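So the structure is just underneath, and the comments pick up after that.
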């Protein structure tokens with residue numbers, strides 16, 4: 001620690017700085033770092049990487065720390081991009097792209113773009129504080145990725161620091177791989193033919209199946225969802241999208257979760273921008289918090305929130321009516337809003353689920369340990385049926401909510417972490433849900449990454465794919481310098497533990 005502080009100015013490596021806030025993210029794991037750095041320039045980032053490489057100190061990049069799978073914690077140097085590398089560098093009018101440093105917050109970037117009639121496509125619920133670098137690391141998506149895709153589909157180029165302190169700048173689409181590193185990567189991707197989930201979005205493993213082919217080669221996407229394990233991404237260029245001229249929001253009420261999910265496929269034929277589920281358990285909690293919702297379609301046992309984007313009001317109204325008249329969309333009632341304030345009121349039913357769950361009293365807390373499975377939409381009903389049977393068997397209550405239009409539902413069972421038996425149940429359910437996801441052709445994570453939470457499960461459940469992931473890690477980071485223990489396991493050992501309450505945590509390891 002002293003050698004590291006002596007090698008850099010105080011504004012780069014923070015001396016006598018509390019490490020506790022960096023020992024955890026928004027998830028359940030705890031691992032105190034050796035030190036924290038706040039680089040202000042790309043030169044600072046490169047110097048930090050070179051020092052860590054020469055002293056064999058692992059290095060973990062971090063944005064807002066809003067990830068929930070132990071993605072942004074580590075035992076070595078944590079590099080916080082959010083404090084000083086948060087400049088919006090350039091907006092390209094001709095290409096409709098914007099270039100930013102990794103620490104720029106999404107909400108601030110969208111405010112900058114709004115004056116130009118543009119927006120960033122992915123819209124995670126943490127928009128008010130998540131950083132663009134963190135979105136790249138997790139391949140963030142959010143409610144409207146049904147229309148815009150996840151972060152990987154929106155990154156035009158990026159700059160990243162390799163383990164030798166040198167920068168690479170990759171962009172796509174390109175006609176063919178350029179240079180030995182890209183050629184090796186293309187060779188690995190070409191051999192990536194093992195069984196792997198074919199789902200709408202994915203943040204598990206490395207995105208070898210989404211790099212494209214010669215003629216449409218996207219090498220920059222390998223860093224999306226890589227959780228900083230291949231290098232530190234310092235600068236990102238994103239494609240922007242026009243702000244929709246007309247928006248309609250429908251709140252569709254259903255008698256059950258199964259009835260709502262059965263209507264998702266017919267809804268997708270109407271090209272919605274978002275289809276979000278709020279299940280029976282979540283609706284019950286929301287009614288207690290927002291009594292006014294009882295007067296809307298949310299008075300039903302379960303609801304879907306649907307957004308439609310269009311060029312003009314007549315087009316959107318026509319599509320809205322088509323949904324309401326679709327025999328396959330078996331809603332028992334519906335509410336439609338066009339004005340921004342009214343639409344926001346309907347979205348309350350979806351946006352408030354997570355914060356309301358966190359505010360509930362009691363020792364049992366809604367925990368994100370099986371939170372992010374994504375399955376093919378046509379397998380969603382059978383997956384949820386099996387999932388609920390599993391949770392009931394273990395005596396767990398878990399509201400379901402999230403991105404039903406992509407088969408990506410968020411599930412947070414209530415568990416008391418101070419109870420040893422419930423911790424053991426949590427471990428069993430974590431493994432059982434992973435096997436369930438595979439059986440239904442799904443991925444362990446649609447948008448929140450593997451982190452400490454799921455990386456070992458990827459190796460156990462998808463051994464052939466995992467071997468290709470190990471090749472990628474070896475290609476970019478043979479010494480295991482970057483964020484060890486995430487995506488693939490390395491020679492380095494970790495001391496990650498379950499986070500309970502502030503600095504108190506159990507002595508039991510999380511695996």
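We did not get these values from a lab; they are worked out from the coordinates using the rules stated. Everything quoted here is computed from the prediction, not taken from an experiment. Positions of Cβ are generated from backbone atoms using ideal geometry, with glycine treated the same way; all protein chains shown enter the neighbour counts.
Treating r as the C-beta distance of residue 435 and residue 256 and R0 as 30 Å, the FRET efficiency rounds to 0.70. Computed from the C-beta positions of residue 460 and residue 270 and an R0 of 30 Å, the FRET efficiency is 0.15 to the nearest 0.05. Taken as Cα centroids, the stretch 47-115 and the stretch 228-243 sit 9 Å apart, rounded to the nearest whole angstrom. The long axis of helix 280-289 is offset from the longest Cα principal axis of the chain by roughly 90 degrees.
Taking the fewest neighbouring Cβ atoms within 10 Å as the starting point, the ordered list for 357, 252, 208, 232 is 357, 208, 252, 232.
Stokes-Einstein diffusion of the stretch 311-445 at 25 °C, 0.890 mPa s viscosity, Kirkwood radius from Cα pairs, rounded to a whole number: 143 µm²/s. Projected onto its three principal axes, the C-alpha set of the stretch 48-175 covers 47, 34, 27 Å, listed from the longest axis down. Quotient of the Cα radius of gyration of the stretch 176-259 and 2.2 N^0.38 Å, N being its number of residues: 1.55. Residue-normalised convex hull volume from the C-alpha trace of the chain: 142 Å³ per residue.
Taking neighbour counts of Cβ atoms within 10 Å as a proxy for exposure, in what order, fewest first, do 5, 302 appear? Display every interim value, and only then the final one.
Values: 5 17, 302 24.
By the 10 Å Cβ count, ascending: 5, 302.
Taking Cα atoms of the stretch 4-90, Rg/Rh with Kirkwood Rh, to two decimals? Across the stretch 4-90, the Cα-based Rg/Rh ratio is 0.96.
To the nearest ten degrees, helix 42-54 and the longest principal axis of the Cα atoms of the chain are 60 degrees apart.
Axis angle, to the nearest 10 degrees, between helix 313-325 and the longest C-alpha principal axis of the chain: 70 degrees.
Give me the one-decimal Kirkwood hydrodynamic radius in Å for the stretch 89-145, with the sum taken over alpha-carbon pairs. This gives a value of 11.6 Å. The residues 28, 135, when put in order of fewest to most other Cβ atoms within 10 Å, stand as 28, 135. Per residue, the convex hull spanned by the alpha carbons of the stretch 246-358 comes to 88 Å³.
Taken over the alpha carbons of the stretch 397-470 as equal point scatterers, the Debye sum produces base-10 log I(q)/I(0) values at 0.22 Å⁻¹ of -1.15.
For the stretch 88-242, the equivalent ellipsoid derived from the Cα gyration tensor has semi-axes of 25, 17, 15 Å, listed largest first. The ellipsoid that matches the Cα gyration tensor of the stretch 65-121 has semi-axes, each √(5λ) in whole angstrom, of 28, 12, 9, with the longest given first.
Listed peptides 194-202, 77-85, 64-72 appear in the order 64-72, 77-85, 194-202 once ranked by packing, highest mean of other Cβ atoms within 10 Å at the front.
When you restrict to C-alpha pairs under 8 Å that are six or more residues apart and normalise by the size of the stretch 246-358, the relative contact order lands at 45 percent.
Extension gain for residue 321-residue 15 works out to 104.0 nm (0.36 nm per residue, less the C-alpha to C-alpha distance).
Label reach from residue 110 (point 7 Å along Cα→C-beta): in the stretch 327-367, amide nitrogens under 13 Å belong to 344, 351.
Translational diffusion of the stretch 363-436 was estimated from the Stokes-Einstein equation, with Rh taken as the Kirkwood radius over Cα pairs; at 10 °C and 1.306 mPa s the coefficient is 127 µm²/s.
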